Structures are given as C-alpha cells and as structure tokens.
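The structure under discussion appears below in the form of structure tokens.
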C-alpha cells in the first residue's frame, strides 16, 4: 500500500507540474488519469507478478536526473565542437560494455541514458552486455569509465 501511495503522489505532482492548469475539470481529469495508471499497474502485477519499478521509490532519482542533465549538456557541447572541427575530430567506434544493474528496468534505464547522451547510442542489449556506438574515442572512454553505470546502479539500492 505504501508503494501505491508514494506512486500516487509522484504521478499527481508530475501531472500538476506539467499541466499548470488548476481548474476543477482539469484537476478531476488529472486525478482520473492517476487512478487509471494505478489500475493498469495493479492489473500488470496480476499478469507478470512484478510491481512498479523500484527506481520510482528511490530517493536518489532526483540526483540522478540532475546528474544526467549535466552529462547531456556536456556531451552536447562536445558534439558541437567536433562538428565545428570537422572530420578529423570524429572517429566513430563500436564497442561493448558490461552493465552491473540487477533489474531489467535499471539496465534499460542505463541503455537509454547512454543513448540520450549525445555522441553515443546503445545499439543492442544482450543480457548484461551492451553494444554501443560512439562518435569518438573520447565518447567511448566516457562510457568505459563506468560512471554512468555506477550512477544508475545507485537507484537499485
């Protein structure tokens, strides 16, 4: 029950922040949307036996999102500089990296975080091994340091 309560609060706050409208009709529709999502999650538990992802309950999630935004901005700047410098600054490479996350949700979050960071794309996931394309050797080195892997893994604890 505690999980549903915290998920309800998170969904409601998210809806209110993104809506920006506080008329009775829209507040009612927002509440209805939250209830519908909770119903779907409950039905999904009956089918696959899993509950909502543990990362939703993580107090570390806001820190991770802030960290990811900073990484995206830094990568954007790097990609722009490489485009300005021309072909000699771009050396595409494909490599494999291991993921240390225990849950499928966190492995997917890690793969998507790599893809959201400009200059790198997750091409394939095979268990705990990701195939990644990087625009440059520096992009490869950034993924290979394992910092993003560690940040995502913190969401599981």
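The values are calculated or read from the model by the stated rules, or taken from the named source; none is laboratory data. Being a predicted model, the structure only gives us computed values, none of them experimental. Don't worry about glycine lacking a Cβ; one is built from the backbone with ideal geometry, like all the others, and counts go over all protein chains shown.
Could you identify the single residue in 41, 114, 55 that is within 30 Å of residue 134 (Cβ to Cβ), modelled with pLDDT under 85 and surrounded by 13 or more Cβ atoms within 10 Å (Cβ to Cβ)?
On the way: 41 fails: within 30 Å of residue 134 (Cβ to Cβ); 114 fails: modelled with pLDDT under 85.
None of the other options fit; the residue is 55.
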Note on segment 91-106: residues assigned to a loop (DSSP other than H, G, I, E, B), over 19 Å from the mean Cα position of the chain (by Cα) and exposed (fewer than 14 other Cβ atoms within 10 Å of the Cβ) are 92
Name the one entry in 151, 101 that is more than 20 Å from residue 75 (Cα to Cα) and in contact with a helix residue (DSSP H, G or I) (Cβ under 9 Å, 6 or more places away or on another chain).
101
Name, by its number, the condition in (1) outside any strand (DSSP E or B); (2) within 15 Å of the chain's Cα centre (by Cα); (3) farther than 23 Å from residue 14 by Cβ that does not hold for residue 110.
(3)
